[in-house]
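Here the structure is laid out as structure tokens; the discussion comes afterwards.
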Amino acid sequence: MMRPARLAVGVISAGRVGSVVGAALARAGHAVVAASGLSGASVRRAEQLLPDVPLLPPDEVARRADLVLLALPDDALAGMVRGFVATGSLRPGQIVVHTSGAHGIDVLAPAAEAGALPLALHPVMTFTGRAEDLDRLAACSVGVTATEGDEAAWNVGEALTMEMGAEPVRVPDEARALYHAALAHGANHLMTLVADCAELLREAGIAQPERLVAPLLSAALDNVLRHGDRALTGPVARGDLGTVRKHLAVLAERGPDIAPSYRALAKRTLARGDAAGLLDASAAAELTELLSDPADPADPAEGQQNQ
């Protein structure tokens, strides 16, 4: 595998991801020569994770770097790249890397036209911007995307990833949107689900819900990763109609904001459990009717009422 030479790295910007990835590249032997960051939080992260690295305007950071690391919000990437090209801040031979999960390398097309090597390196991890994230980065995967057919570029992306201690996973450019949707659905919505769970437990009078659910949720995650749909448990997977009916009733009263997501996820659990052969046909049919949203025009019961 091609190993990049020691590179001068410019970090744009020193947010939660950029500061950590920059620090990981520095730990791998590269030199972070400049970073950008305006907010107080960015300045503090840079002081902690990128000590003695000067904070400069983004165009100046890009000019100083062999590897330009763009750790920016998804919607800001295209404009920043176009701006760099318009101001002559990029040069042939540079490596321009972004860390967005949603974008492939198309967003870096202006940089490629200017002679830079475009790469997308998306760490499959959630970051806090603190020093412990370096250990998390070393234990995670990185979605690598390079120009199709350019094996040397793919090798550079994989080598940079491995230097940071992470595992490279090739993601074709055309698959980036679906790849990122899957990860966001799993990680971001899991956080929402767990927060909703803790909120309901506090509503039920449980003082420290996090301690109550941590072992349960850890075991559930481990089980589904090991066994897939065969690991499904609970009233929906068992076909316990009465219990599901009680859940819907109490949530309508005590957690009306959460009730719709419970219903939606119960439908998905039912579909997956049914496909895995966990429910008999009659139980699946009864649960399908129970979980049909009364506000949904496709609900058979409402259709009968309207006739």
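The values are calculated or read from the model by the stated rules, or taken from the named source; none is laboratory data. Everything quoted here is computed from the prediction, not taken from an experiment. Ideal geometry is used to build each Cβ from the backbone, glycine not excepted, and the neighbour counts take in all protein chains shown. To get the accessible areas, we keep the full protein, side chains included, count just its heavy atoms, and leave off ligands, DNA and RNA. Shrake-Rupley method; radii C 1.70, N 1.55, O 1.52, S 1.80 Å.
Results for (1) open to solvent by less than 30 Å² (accessible area, probe 1.4 Å); (2) closer than 28 Å to residue 83 by Cα; (3) without any contact (Cβ under 8 Å) to a residue 60 or more places away in the chain, shown as yes or no for each residue.
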| site | (1), (2), (3) |
| --- | --- |
| 98 | yes, yes, yes |
| 102 | no, yes, no |
| 105 | yes, yes, no |
| 108 | yes, yes, yes |
| 112 | no, yes, yes |
| 127 | yes, yes, no |
| 133 | yes, no, no |
| 143 | yes, yes, yes |
Inset, instruction - Check the stretch 97-117 and report whether any residue there is under 22 Å from residue 29 (Cβ atoms) and in a helix (DSSP H, G or I). - result: no
Legend entry - Selection within the stretch 155-196 - touching a Gly at 6+ places or on another chain (Cβ under 9 Å) and among the β-branched types (Val, Ile, Thr): 169, 171
Inset, instruction - Only residues that are surrounded by fewer than 14 Cβ atoms within 10 Å (Cβ to Cβ) and either at pLDDT 95 or above or of a type outside the set (Gly, Ala, Ser) (or both): list them for the stretch 283-307, please. - result: 285, 289, 293, 294, 296, 297, 300, 304, 305, 306, 307
Inset, instruction - Could you pull out every one of the helices (runs of 4 or more DSSP H) wholly within the stretch 1-65 that has 1 or more residues that are within 20 Å of residue 89 (Cα to Cα), open to solvent by 30 Å² or more (accessible area, probe 1.4 Å) and at pLDDT 95 or above? - result: 58-64
Inset, instruction - Enumerate the pairs (first residue in the stretch 255-274 and farther than 14 Å from residue 195 by Cα; second residue anywhere and among the polar types (S, T, N, Q) and open to solvent by 50 Å² or more (accessible area, probe 1.4 Å)) with beta-carbon separation below 7 Å, excluding pairs fewer than 6 apart on the same chain, so at least 6 apart or on different chains. - result: 270/288
Inset, instruction - Tell me, please, whether a residue that is within 22 Å of the chain's Cα centre (by Cα) and touching a residue at least 24 places away in the same chain (Cβ under 8 Å) can be found in the stretch 26-35. - result: no
Inset, instruction - Please specify each residue of the stretch 153-186 satisfying the condition of being more than 18 Å from residue 125 (Cβ to Cβ) and open to solvent by 40 Å² or more (accessible area, probe 1.4 Å). - result: 172, 173, 174, 177, 178
Inset, instruction - For residue 82, indicate whether it is within 18 Å of residue 108 (Cα to Cα), open to solvent by 10 Å² or more (accessible area, probe 1.4 Å) and either of a type in the set (Ser, Thr, Tyr) or assigned to a helix (DSSP H, G or I) (or both). - result: yes
Inset, instruction - For the stretch 192-211, name all the residues that are out of contact with any Pro (no Cβ under 9 Å at 6 or more places or on another chain) and loosely packed, with under 14 Cβ neighbours inside 10 Å. - result: 192, 195, 203, 204, 205, 207, 208, 210, 211
Inset, instruction - Would you check if residue 287 is under 26 Å from the mean Cα position of the chain (by Cα), in contact (Cβ under 8 Å) with a residue 40 or more places away in the chain and assigned to a helix (DSSP H, G or I)? - result: no
Inset, instruction - Could you run through the stretch 114-125 and say how many residues are open to solvent by less than 30 Å² (accessible area, probe 1.4 Å) and in contact with a Ser or Thr (Cβ under 9 Å, 6 or more places away or on another chain)? - result: 6
Inset, instruction - Please enumerate the residues belonging to the stretch 220-240 that are touching a Ser or Thr at 6+ places or on another chain (Cβ under 7 Å) and in a helix (DSSP H, G or I). - result: 235, 236, 237
Legend entry - helices (runs of 4 or more DSSP H) lying entirely in the stretch 128-203 (those with 3 or more residues that are of a type outside the set (D, E, K, R) and farther than 29 Å from residue 47 by Cα): 151-163, 176-203
